[in-house]
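The values are calculated or read from the model by the stated rules, or taken from the named source; none is laboratory data. This one's a predicted model, so the numbers in the text were calculated from it and none came from an experiment. Cβ placement follows ideal geometry from the backbone for every residue including glycine, while neighbour counts extend to all protein chains displayed.
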Amino acid sequence: MDRTRLRPQAVTVLTVLAVAACYYATARLGLLQPLVRGQVTALWPSTGIAVAALLLFGLRVWPGIALGAFLVNLTIGPSPPYVLVIAAGNTLAPLCSVLLLRRAGFRNELDRLRDALALVFLGALAGMLISSATGVGALVASGALRAAEFWPTWSVWWTGDAIGVMVVTPFLLALRRARLPSGADPADWAEAAVLTVGAGAVTVLVTGVIGAPLLFLVFPFLVWAAFRFERGGAACCALGVTVFAALGAGRGTGPFAHHSLLTNMITLQAFIGTAALTSLVMAAVVTERRATYREIKRLCAQLSGKVDRQDL
């Protein structure tokens, strides 16, 4: 076989295996705090991995998602035929999400307002309906779950998958373009440190210590991160807030105490959805505004140069 053909195939195989490994590893992390039947959790980061992989490497890496989903569900799921159904749903959901995003003209840079809205509403909320319905339906059909538990379990599944796309996918897309700033002002590093510590401390307090519903106290930090550090800061801050909120919902502490599972999932989904939407939209608006300012400045300099040459 020609080596020029073998090399791209080898790269594709390695990419697929890497996607499968990342999917499996992040799924095991998500399962550290299951809420229903040991396999349904409030945060499923693997969906964010899957959507990001399809956006970055193309649809050709879908076998890695299927393999990772099958292996992780095989260790915790019902009989193998139903595990195949669950894995198929976990594969089809991110595929449909990416197709919807492409249909909407989504750009991986997340530098436009329409990209942020598309990722939340099409990539997360709409696309993950497939995996949640398929997965919970398979559990009910296999007898592993009672029919009366369908909707509460579905709400947890959908919440976990959607949150994974809302926070993990933007983080990975921003991480791919991240570069260490050269000659950064020490004040910027100090500001980033204060922002990180403040956001973490407030999130821990409002989700695990304070019983009153004070989740809104996190939003100033999300706005701060988006305004000062744009996409990278917004994605990192939203990811940290999400992890602490999901842990609080799983433990039933803070504003998630003394409520039913369905109520906690609705609260968590509303909070994380609003937080992700706020940070992504703010970051996109700031990025667009600064890009417009730079373009206007360039055009003004160009026009000024032409006027100076004409005067001469």
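Quick look at the numbers
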item	result
Search result, residues across the stretch 86-102 that are out of contact with any Gly (no Cβ under 8 Å at 6 or more places or on another chain) and in contact (Cβ under 8 Å) with a residue 12 or more places away in the chain	Ala87, Ala88, Thr91, Leu92, Leu95
Residue satisfying condition, being part of a helix (DSSP H, G or I) and more than 16 Å from Val168 (Cβ to Cβ), within set Ala234, Ala270, Ala245	Ala270
Extreme residue, farthest from Ala276 (Cα to Cα), among residues of the stretch 119-143 that are assigned to a helix (DSSP H, G or I) and polar (S, T, N, Q)	Thr134
Tabulated pairs, the stretch 39-65, first over 21 Å from Ala249 (Cβ atoms), second outside any helix (DSSP H, G or I), C-beta under 8 angstrom, 6+ apart or interchain	Val51/Gly127; Leu55/Phe106; Leu55/Asn108; Leu56/Asn108
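For every residue, the table says whether it meets (1) at pLDDT below 90; (2) part of a helix (DSSP H, G or I).
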{"position": "Leu145", "(1), (2)": "yes, no"}
{"position": "Thr153", "(1), (2)": "yes, yes"}
{"position": "Trp157", "(1), (2)": "yes, yes"}
{"position": "Gly160", "(1), (2)": "yes, yes"}
{"position": "Phe171", "(1), (2)": "no, yes"}
{"position": "Ala174", "(1), (2)": "yes, yes"}
{"position": "Pro181", "(1), (2)": "yes, no"}
